[in-house]
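Everything below concerns the one structure shown next.
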Amino acid sequence: MKINKLFDDTEYCIVPYKPTARKVAQECGRSIQKQVTTLCHLVTLTNKFQQPILQAYTGTPPDIIRAVPRTKENERNTTCGHFYIEDAKIERYWNNLPKYERQLSQFKALIAPNLSCTEQMPLEAKRWNVFRNKLMAAWLQSRGISVIPDVMWWKNADMDWCLDGIPRHSVIAINSTGLRRNENSKQIWLEGYKQAVEILKPTMILRYGAKQSGEYEQISRYYPNDNQLLAQERRNGYGW
C-alpha cells in the first residue's frame, strides 16, 4: 500500500480499485448509500476527516469559463466549464455521474462542482454539499478529466474541515456571487478567503463574481458572471 502526503502532516493511501464506467453506473444507480460507497472506493480519502483528495491543477488559467449546461458541444474543447449554477442542475450530474462522463470529458478543464452552503442551511446540510462537491471533483479527476479545485466555507466554519482534501500550491477557484451588498456576508467571505489563501498558498485564484475589497488581486484572475450576462441577453430578447 503506497503512502503519500496531502499536506505536510496528513497521510493517505492509494486505492487501486478501477472498475469500468458501466460498473460504476450500475453501482451508483442503486441507492444514495451505494452511490457514495462506490465513489469513495474510486477516490482517495484523507485520514483526518475522510474527505476526498483532489489533485493540484497546475495548468494554464483558462481564457473562458462558462456554465457546463450552457456550453455547446463544439465549444467545450476550448472552454473551462463551471458549476456556479442552481443546485437543482448540479444534482442532475450528482445523480448519475457516469452518464455525463463523456460530456464532461470534452471540456478543456472544469471547475469543481459548487453545491451551495447558504446561511439558512443546517450545518450538516452544508457539510454534505461540500463533501459531495469534493467527491464529484475527485471522481472526475480519477477519470482523467482536468478539474480545478473549488473552495467553499460559511460563517464559523471549521476551515480545517473545509480545506481537507484541497491541494496546496494549486490553481484554485473561489466564487463570490450572492454576497450583493450585505456587509456581514462580505466580512464572513473575506475571513474565510484569507484563511484559505494562507493555508493553501495557491499559485492562482480563478475568481467568479464581483471583486471584493481585501482580495489578493496580484494572484487572481477575474471572470464575468455569465449567469448575469444570460439574464441580460434574455431581457433584451436574445441569448442561449
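Across the stretch 168-179, computed HN-Hα scalar couplings (Karplus, 6.51 cos²θ - 1.76 cosθ + 1.60, θ = phi - 60°) run 7, 6, 10, 5, 10, 10, 9, 10, 10, 5, x, 6 Hz from first to last residue, x flagging Gly and Pro. List residues of the stretch 75-91, by number, whose backbone nitrogen lies under 17 Å from a label position 7 Å along Cα→C-beta of Ile32. Counting backbone N atoms under 17 Å from the label point, the list is 87-91. Could you pull out which residues in the stretch 179-202 have an amide N less than 17 Å from a spot 7 Å beyond the Cα of Lys48, following the Cα-Cβ vector? The answer is 192-202, whose backbone nitrogens lie closer than 17 Å to the label point. Computed about the Cα centre, the dipole magnitude for the stretch 60-201 is approximately 380 debye when only Lys and Arg (+1) and Asp and Glu (-1) carry charge, each at its Cβ. Kirkwood hydrodynamic radius computed over the stretch 54-235 comes to 16.6 Å, based on all pairs of distinct alpha carbons. Applying a threshold of 30 Å to the alpha-carbon distances of Lys48/Lys211; Lys126/Lys186; Lys34/Lys201; Lys48/Lys108; Lys72/Lys194; Lys89/Lys186 flags Lys48/Lys211; Lys34/Lys201; Lys48/Lys108; Lys72/Lys194 as lying beyond it.
Rule-based calculations on the coordinates, nothing more; no lab input. Bear in mind the structure is a predicted one, so any value in this text is a computation, not a measurement. Glycine also receives a Cβ, built like all others from the backbone with ideal geometry; neighbour counts cover every protein chain displayed.
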